[in-house]
Every structure is written in C-alpha cells, then in structure tokens.
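Asker: This structure is in structure tokens; I'll ask about it shortly.
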Amino acid sequence: MKVLARSPFLLLGLAGAFALVGSAFLWWFMGEPEAVRAPAPVLAPAPAEHPPSASKTVRLAMSAAYVSELGVGVYAGLAGYLTEKTGISIEFVTGLSYGTINSMLEEGTIQSGFICGQPYVLLHDAPQPKALLIAAPIMKAARYKGQPIYFSDLIVREDSPIQRLQDLKGRTYVYNDEISNAGYNMPRYRMLELGLTQGFFGKVLRSGSHEESIRMVATGEADASYVDSLVLDYDRAKGIGHAHAVRVIESAGPSSLGPLVASSKMPVEQRDKLQHALVTMHEDPEGRKILDEALLERFTLVQDSHYDGIRSMMVAAEKAGFTAIR
C-alpha cells in the first residue's frame, strides 16, 4: 500500500448532504428521506484473496472525508486493509480538489475515490456515466439512524450572538468548494427556501476544505459556515482542530453520504473485490478496528436513486437562477 500526500495538511472534507425537495424528501433536524430506503443491489460473491500485485495497482483518492484532515492515518490504514483483503495494491492519494478528482476519475488516471455526493451526481449524470457506486458509509452516532446519511451543520464562533441563518445578513460566510454538497448545494437550497437570494451575505469566501472553514470561523476570519457534520463529529470526538471553538446553530439535512466510487474505466473484477472487502469489513476484527477509529459502523451498498435528493436541490437552484451563494 502506497500513500501519496499531495498536500501535508489538506484532506478535503466529505461532503455531501441532502435536503430533498418537498416534505417527503427534506428533514430539518429530523425525518427520513425516501432515498435512503431504496433497495440495495446484490453484493458480488466473495473474491479469492491473492498477494498484492503491482500490476493491479488502484489509485484511490480522497475528495471527501469521514474524518477530518487530522485523521488521514485512518485512510492509510483503510488502504492497507483493502490491499491485504483484495490482493490489489492500493495507492492512496490526498490533497486534490473536488474538481480535480472528478477529472481524473473521468480520465481513468485515478481508478477509485471517496467523493462527495454532488461530484458523484455530476460524474454519473454525464451522457456516458463516468463513475459507478461501490459503497457508502454508515456512521455510529444515533443522529444518523443507522442509514448512509449525514448533515450540513451551520457553525458560528462559540461566543457569537448569531442564533440562526437569517441573522447572518451582511456578514462574512465561508464555504469549502463550489461542488460540495454539504458546503454549497445544501446551504444554497436552504437559502432558496428562505428567500435569501438577493446578495444576502456581505462577503463570501472560499476555504478549500471543511477543516479550514471551521478554523476560519473559530478565529473570526468568517462569521459562519455550513460544514460536513462528520468532520465536526470527528474533531470533537478526538479533541483536535478548532471544533471546540464553534457551535452549531442549525442543521440542514439529512442527505445521502458521499460514496466510494469506481471510475467507469476500472475493471469490473477490481470493483467487485473492493466492494466485497468494504461491506464485510465490520465482520473482521482488523476491519472493525479501522471502522471504530473513523466512528463508522459499517459500509453498505447503495443505488443511484439514493442521490436523487442532491439532484433535486441542484435543479431547484438552477430553475430559480440562484446558482451562486452571494
């Protein structure tokens, strides 16, 4: 197993989140979207294990995380585990933007990736699908109800007087990436719901990661940000980063959690091996340790329809002509 750290401090947050259009598809703090109850595809049979082979190397990238960038070692451990269980040499790549990962998956220069839900939708909905689902995670915390979902948490400084999104008029807002579900798509849809579309914020900044957005809010460089609830969970649980200096004033979601995907150019045999290793790793003592460290219960199979809520929010913003947070 190889680990390539393209940026020593950057592991882009996971993102993805979803507030589904209509009361059947949107929770505001509570509820269950229909998409998460979609039947899962049939799991491929267990593949035979083989020693890792350099000729079978798979480059596995991260543009969305189930832990913060300070937990990058968890992913190195996961890559090692998958190498051992599949016989595929996993080359772990970090430090690339959402858009760069999408381009490399499309080209096949990266064969697999943990990506945000919105980048997955963009890849899958191309005239010829460029990415296929392998699996998605289920988090341990009760908030996630044993489903492959997460939230987008609106954070402010711990001592901030701000109590709700509407209080942020004229203030400075920071987001991580334009094609992030938790950091952009869900907040944009929430603003659309409330009619906050006419230059609501005083200034809008781009941070590049959820971790950096949290830091900027904690240090007063920005007044608020919507961030991936899983990144916030991990930093709080481990007592690291700047999560201790912010508080959540409201949450959007839940939405479908970002999946592990395979490039459409990845051989089916490799995809099947990765899928089987992931969705059974909670049954293996070694796999269980890695999942526990990441606050994960297990990985599960998901269908494309699981991400329809993300599509609905994107379409709503386009129809309203509100494509950019401002």
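Asker: Is segment 197-259 rounded, prolate or oblate when judged by the Cα gyration tensor, a ≥ b ≥ c being the square roots of its eigenvalues, rounded requiring a/c under 1.5 and prolate requiring a/b larger than b/c?
Answerer: oblate
Asker: Give me the distance in nm between label points sitting 7 Å out from Cα along the Cα-to-Cβ direction at Glu286 and Ser103, one decimal.
Answerer: Each label point is offset 7 Å from its Cα along the Cβ direction, giving 3.7 nm.
Asker: Accessible area per residue of segment 178-326 at 1.4 Å probe, in Å²?
Answerer: Counting only protein heavy atoms, the per-residue value for segment 178-326 is 36 Å².
Asker: Still on this model: Pull up the cross-link candidates among the lysines for Lys140, meaning alpha carbon to alpha carbon under 29 Å and not fewer than 8 places away within one chain.
Answerer: Lys2, Lys85, Lys238, Lys273, Lys289
Asker: About its Cα centre, what dipole magnitude does segment 47-174 give when the only charges are +1 on Lys and Arg Cβ and -1 on Asp and Glu Cβ, stated in debye to the nearest 20?
Answerer: 320 debye
Asker: Turning to a different aspect of this structure: Give, to the nearest whole percent, the P(r) tail of segment 148-294 beyond 28 angstrom, counting all Cα pairs.
Answerer: Everything past 28 Å amounts to 30 percent.
Asker: If you don't mind, there's one more thing I want to ask. Positive end of the dipole of segment 163-304, charges at C-beta (+1 Lys, Arg; -1 Asp, Glu), about the Cα centre: which of Pro259, Met281, Leu291 has its Cα farthest in that direction?
Answerer: Towards the positive end, the residue furthest out is Pro259.
Asker: Under a cut-off of 26 Å between alpha-carbon atoms, report the lysines in cross-link reach of Lys319, not counting same-chain residues fewer than 8 places apart.
Answerer: Lys130, Lys169, Lys203
Asker: Also, I was wondering about something else. Report the one residue of Gly170, Met186, His210 whose Cα lies farthest in the direction of the positive end of the charge dipole of segment 152-237 (charges on C-beta: Lys and Arg +1, Asp and Glu -1; origin at the Cα centre).
Answerer: Value: Gly170.
Asker: On to the next question. If you place +1 on the Cβ of every Lys and Arg, -1 on the Cβ of every Asp and Glu, and leave all else neutral, what size is the dipole of segment 224-288 about its Cα centre, to the nearest 20 Debye?
Answerer: Using Cβ point charges on Lys, Arg, Asp and Glu, segment 224-288 gives about 160 debye.
Asker: Going by a ≥ b ≥ c, the root eigenvalues of the Cα gyration tensor, does segment 148-209 fall in the rounded group (a/c under 1.5), the prolate group (a/b larger than b/c) or the oblate group?
Answerer: Rounded, because the longest to shortest axis ratio a/c is under 1.5.
Asker: A follow-up question, please. Pull out the extension gain between Leu192 and Val315, defined as 0.36 nm times the separation in residues minus the alpha carbon to alpha carbon distance; nm, one decimal.
Answerer: 43.1 nm
Asker: Separate question: Rounded to the nearest 20 Debye, what is the dipole magnitude of segment 163-246 about its Cα centre when Lys and Arg each give +1 and Asp and Glu each give -1 at the C-beta?
Answerer: In debye, rounded to 20, segment 163-246 gives about 240.
Asker: Take the solvent-accessible surface of the protein heavy atoms, probe 1.4 Å, and return the percent of it on segment 233-278 that carbon and sulfur atoms account for.
Answerer: Within segment 233-278, the accessible surface is 47 percent carbon and sulfur.
Asker: Find how much the distance from Glu221 to Ser305 grows on full extension, using 0.36 nm per residue of separation minus their present alpha carbon separation; answer in nm with one decimal.
Answerer: Working it through step by step, the gained length comes to 26.4 nm.
Asker: Run the numbers for Asp125 and Arg236: contour at 0.36 nm per residue of separation, minus the present Cα-Cα distance, in nm.
Answerer: 36.4 nm
The values are calculated or read from the model by the stated rules, or taken from the named source; none is laboratory data. None of these values were measured; they are calculated from a predicted model. Here the Cβ is made from the backbone with ideal geometry for all residues, glycine too, and neighbour counts use every protein chain on show. Side chains included, ligands, DNA and RNA excluded: accessible areas come from the protein's heavy atoms. Shrake-Rupley method; radii C 1.70, N 1.55, O 1.52, S 1.80 Å.
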